[in-house]
Amino acid sequence: MKLIRISDHKSIVFFTGAGMSAESGVPTYRGSGGIWHQYRWEEVASQEAFDENPEKVLNFHELRRKSVLQCQPHPGHYLLARIEQECPRVTVVTQNIDGMHQRAGSRNVIELHGSLWRLKCAIHGISEDLGETFKTRKCSDCGAWLRPDIVWFGDYLSPDVTDEAARVINNCDLFISIGTSGVVYPAAGFPKIAKNRGARCIEINPEANEASYLYPETIRESASKGLLRLFENQ
Ligand code: OAD
């Protein structure tokens, strides 16, 4: 594995999934101990579930917030934030909703699936809400239930967000995927854009998955170990 020299690259994308946060103690979705083994997403992560029982869905997301707040970013998160300071054309494109990259100091983060730390009223828009429990569960303007600003199953991703992600990936010459199973579309389609554009594509994941064939270079290690090894000369 050829180590990376940041100065050799004009634009770098880190594409992260739940495995990036796993080392911080945030559970993944599909692996052993994964959230979707414990909960049925149909009951807690869909618009239908929210329409039927908003309190149950909000309780589930409050539990997620509590568990994320008990976790801390790991050295891999901090490394990405430091690389961004050294090279302005570094973008984190993440499927994670936990805000861990931002807590570590990354600023250039595209959140494909939204954020646990924002709530949304269909009429009055999005508000930030950073506490362990929700400050309020209903919109102060119209009284409607506020829903987490998260892309649930059956939701469309925001076209503005996917367009921006596609643009940076289309222009990158180094694409590093970290800790994603690569099965949830449309996010899972992004690595193909990087590959087709001829970017150097590297996967960091302790386990192979159905997207691994896209990566000529793979590091079968945890997120932080893999990242620290890849950038050890920086
Ligand atoms: P998954 O739970 O599907 O996959 C997690 C991946 O992380 C697996 O490939 C693991 O092998 C890998 N992994 C586990 N521990 C790791 C570690 N320490 N270091 C590196 N990798 C590790 O999570 P995602 O691919 O992120 O969507 O799932 C995509 C989307 O599906 C999520 O954003 C979420 C989920 O349903 C929504 O909530 C909308």
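The values are calculated or read from the model by the stated rules, or taken from the named source; none is laboratory data. As the structure is a prediction and not an experimental result, all values here were calculated from the model. Here the Cβ positions follow ideal geometry from the backbone for every residue, glycine too, while neighbour counts run over all protein chains shown. Side chains are part of the model used for accessible areas, which takes the heavy atoms of the whole protein and leaves out ligands, DNA and RNA. Shrake-Rupley method; radii C 1.70, N 1.55, O 1.52, S 1.80 Å.
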Problem set entry | Failed condition for Pro159, given (1) of a type outside the set (Asp, Glu); (2) open to solvent by 10 Å² or more (accessible area, probe 1.4 Å); (3) within 17 Å of the chain's Cα centre (by Cα); (4) more than 26 Å from Gly189 (Cα to Cα) | (4)
For this session: Among the residues of the range 193-234, write down those that are of a type in the set (A, V, I, L, M, F, W, C) and under 19 Å from Ile83 (Cβ atoms).
Result: Ala194, Ala199, Cys201, Ile202, Ile204, Ile219, Ala223, Leu227, Leu228, Leu230, Phe231
Exercise. Could you give every pair whose Cβ atoms fall below 9 Å, whose first residue belongs to the range 104-126 and is under 23 Å from Lys66 (Cβ atoms) and free of Cβ contacts under 8 Å to residues at least 24 places away in the same chain, and whose second residue is surrounded by fewer than 20 Cβ atoms within 10 Å (Cβ to Cβ) and among the polar types (S, T, N, Q), counting only separations of at least 6 or pairs across chains?
Worked result: Val109/Gln102
Exercise. When Gln95 is evaluated against the numbered criteria (1) within 15 Å of the ligand (Cβ to nearest atom); (2) crowded, with 20+ Cβ neighbours inside 10 Å; (3) not assigned by TED's automatic domain parsing to the domain that holds Ala18, which criterion, by number, is the only one it fails?
Worked result: (3)
Exercise. What number of residues within the range 8-36 are open to solvent by 10 Å² or more (accessible area, probe 1.4 Å) and either within 22 Å of Phe190 (Cα to Cα) or of a type in the set (D, E, K, R) (or both)?
Worked result: 12
For this session: Considering (1) within 23 Å of Gly226 (Cβ to Cβ); (2) modelled with pLDDT of 95 or more; (3) open to solvent by 60 Å² or more (accessible area, probe 1.4 Å); (4) not polar (S, T, N, Q), say which one Arg5 fails and leave the rest.
Result: (2)
For this session: Sort out which residues of the range 1-19 are of a type outside the set (Val, Ile, Thr) and touching an Asp or Glu at 6+ places or on another chain (Cβ under 7 Å), and write them in order of number.
Result: Met1, Leu3, His9, Lys10, Ser11
Exercise. Within the range 56-79, can you find the residues that are closer than 13 Å to Pro148 by Cβ and not polar (S, T, N, Q)?
Worked result: Lys56, Val57, Leu58, Phe60, His61, Glu62, Leu63, Arg64, Arg65, Val68
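Let's see how each residue does on (1) outside the structural domain of Phe134 (by TED's automatic domain parsing); (2) surrounded by 14 or more Cβ atoms within 10 Å (Cβ to Cβ):
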site	(1), (2)
Gln38	no, no
Leu58	no, yes
Lys66	no, no
Leu79	yes, yes
Problem set entry | Some residue of the range 134-150 being closer than 30 Å to Ile83 by Cα and modelled with pLDDT of 95 or more | yes
Problem set entry | Close pairs (8 angstrom Cβ cut-off, 6 or more residues apart or separate chains): within 11 Å of the ligand (Cβ to nearest atom) and among the aliphatic types (A, V, I, L, M) in the range 36-63, open to solvent by less than 80 Å² (accessible area, probe 1.4 Å) and in a helix (DSSP H, G or I) anywhere | Val44/Val57; Val44/Phe60; Val44/His61; Ala45/Val57; Ala45/Phe60
